[in-house]
Amino acid sequence: VGSRLGAGIHANLLLICCRKHLQLLAFVVVFAPRCAMLCMQAVVGGTASSGVIICCLRVVTKAALPATRAGLRKSTALYFGMSGAICLACWGIYYAVLPSLGVVRHYKQHAVAGEIEAVDASVDQCCV
């Protein structure tokens, strides 16, 4: 009974995370073209490159350890640990670099001045 309960909790958490990820991705894809075409190209390029990086990461972590049950568990833990570290690094770069980019400052200034249609207020709070 305990393992079924744990599996159910795990499955529900996975579904919640996937749903939130898809909502955020849809949000970014919808609002990126409102800034500039270059932003949309960056979103598509970043999505494609992240897929390649994650696939390569999994291949490396699987090849680094033996194909035993313990080795697969360790490689999975290593994979998720490295993936989490990459995500944290990306969030840090996002908060450190994005506000200082010229295109972001330009569109925020013009949105505040009312010269262009303001992006929905949830843009700044999409992950809160």
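Every number in this text was worked out from the coordinates using simple rules, so none of it is lab data. Values in this document were obtained by computation on a predicted structure and should not be read as measured data. In this analysis, Cβ positions are derived from the backbone assuming ideal geometry, glycine residues included, and neighbour counts consider all displayed protein chains.
Observations, loosely collected:
- Here the spin labels are modelled as points 7 Å beyond Cα on the Cα-Cβ line, and at Val30 and Phe80 they lie 3.1 nm apart.
- When peptides 71-82, 100-111 are sorted by average Cβ neighbour count within 10 Å, with the highest value leading, the order is 71-82, 100-111.
- 20 Å Cα-Cα reach of Lys62 towards lysines, excluding residues that sit fewer than 8 places from it in its own chain: Lys74
- Computed with the Debye formula from one identical point scatterer per Cα of region 40-96, without solvent, the log10 of I(q)/I(0) at q = 0.26 Å⁻¹ comes to -1.02.
- Taking the square roots of 5 times each eigenvalue of the Cα gyration tensor of region 1-111, largest first, gives ellipsoid semi-axes of 35, 19, 12 Å.
- In this rough spin-label picture, where each label sits 7 Å from Cα along the Cβ direction, the Ala70-Cys56 distance is 3.1 nm.
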